[in-house]
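Colleague: If you scroll down you'll find the structure; I have some questions about it.
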């Protein structure tokens, strides 16, 4: 059958249009399909800890106490979500600046005031120290709010907030001429150690972190810890605890197990009590196993609060080797 030229031309246009539509549909479908499990994530964990680096700190620094070889300042600075973070900052008055600085992070239920007991000893070694209040702690307490509560999603958000607050603390330190911005260490106790495992994995500016009585694998920790908050969490969420893997899916972004490998090649020290009933030994071992070399773990006599003198001796030895002996790097 012979068709007029005009009809052949029209048929050709229709066929061409169909081919183009099928091609575009194939491309669009292929682009929408995840290429692997990693790309299937809606939002990578690390993006939760990202922030605007140019966000003004608007830091306020006021002298609060002066000792023989140090000055302690009360500091406040801006963080994300319109948070104002309070801190104590101790600066030596002997030796030659810029000084190395160690961030000291309290445990659950504590606050930044613990710095005032430790700061003079650090200052004698020519080391500055800084401590903040975690979300819902110290000056940031809010009635009915807790960083470890029966509300697991709010707990996760508070941890993320505190890690970013700590990153902003590093921003503050690096803005100060008194501080050697290349020699910023970290010591975290219990919850502060868990936060430190995340922080040091997220932020390469943290040098030679020390995690004291910390652990990883929230699913196992919440399921087995004898801490009253963990017991309450199990009682309030019985369905959730039938499968600890569900917990890890929710709190994966704040599990240091997912971050400590990124600390390498910076050295990592973990100090733990042999009879800790708050952070089970299995959680500590899982966190240490997830870390890469160089790493060291020390087991001391005692439970969740090992002998302070033994802890401080190891801390001093570690900082001397990995922070104080390093060449000054400037701001």
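What follows is calculated from the coordinates using simple rules that are stated; it is not laboratory data. Keep in mind it's a predicted model, so treat the numbers as computed, not measured. Positions of Cβ are generated from backbone atoms using ideal geometry, with glycine treated the same way; all protein chains shown enter the neighbour counts.
Colleague: Once you place label points 7 Å from the Cα toward the Cβ at residue 313 and residue 236, how far apart are they in nm?
Modeller: 4.2 nm
Colleague: While we're on this one: Go ahead and estimate [θ] at 222 nm for the chain from helices alone: -39,500 (n - 2.57) per DSSP H run with n ≥ 4, summed, over the residue count, rounded to 500.
Modeller: On the way: 9 runs with 119 residues, N = 331.
The helix-only estimate for the chain comes to -11500 deg cm²/dmol at 222 nm.
Colleague: In a Debye calculation with equal point scatterers on the alpha-carbon sites of the chain and no solvent, what is log10 I(q)/I(0) at q = 0.07 Å⁻¹?
Modeller: For the chain, the Cα-only Debye profile gives -0.35.
Colleague: Can you sort 194, 263, 147, 297 by how many other beta carbons sit within 10 Å, fewest first?
Modeller: Numbers: 194 29, 263 26, 147 22, 297 16.
Result, fewest neighbours first: 297, 147, 263, 194.
Colleague: Right, something else. Determine, for 47, 106, 322, the number of other Cβ atoms within 10 Å of each Cβ, and report the residues in order from fewest to most. Let's see the in-between values first.
Modeller: Numbers: 47 10, 106 23, 322 20.
Sorted ascending by nearby Cβ count, the order is 47, 322, 106.
Colleague: Between helix 5-32 and the chain, what is the angle of the helix's C-alpha long axis to the longest principal axis, kept within 0 to 90° and rounded to the nearest 10?
Modeller: Roughly 20 degrees between the two axes.
Colleague: Beyond 20 Å, what percent of the Cα pairs of the stretch 199-331 remain?
Modeller: On the way: 4456 of 8778 pairs.
Summing the P(r) tail past 20 Å for the stretch 199-331 gives 51 percent.
Colleague: Neighbouring Cβ atoms within 10 Å as the yardstick, rank 66, 156, 140 fewest first. Can you show the working numbers first?
Modeller: Values: 66 10, 156 19, 140 22.
Exposure proxy ranking, most exposed first: 66, 156, 140.
Colleague: In nm², what is the average projected area of the convex hull enclosing the Cα atoms of the stretch 165-253? Before the final figure, lay out the partial values.
Modeller: On the way: hull surface 26.2 nm².
For the Cα atoms of the stretch 165-253, the hull's average projected area reads 6.6 nm².
Colleague: For the chain, give the share of DSSP beta bridges that are antiparallel, in percent and rounded to the nearest 5; count only bridges with both residues there. List each step's numbers first, then the result.
Modeller: Numbers: 19 of 41 bridges.
Taking every DSSP beta bridge within the chain, about 45 percent pair in antiparallel fashion.
Colleague: Here is a further query. Quick check: the angle from helix 281-290's long axis to the longest principal axis of the chain, C-alpha only, nearest 10 degrees?
Modeller: 60 degrees
Colleague: In degrees between 0 and 90, to the nearest 10, how far off the longest principal axis of the chain does helix 115-124 point, with axes built from Cα atoms?
Modeller: Approximately 70 degrees, to the nearest 10.
Colleague: Still on this structure: Expressed as a whole number of Å, what is the distance separating the alpha-carbon centroids of the stretch 147-217 and the stretch 254-331?
Modeller: Going from one Cα centre to the other spans 14 Å.
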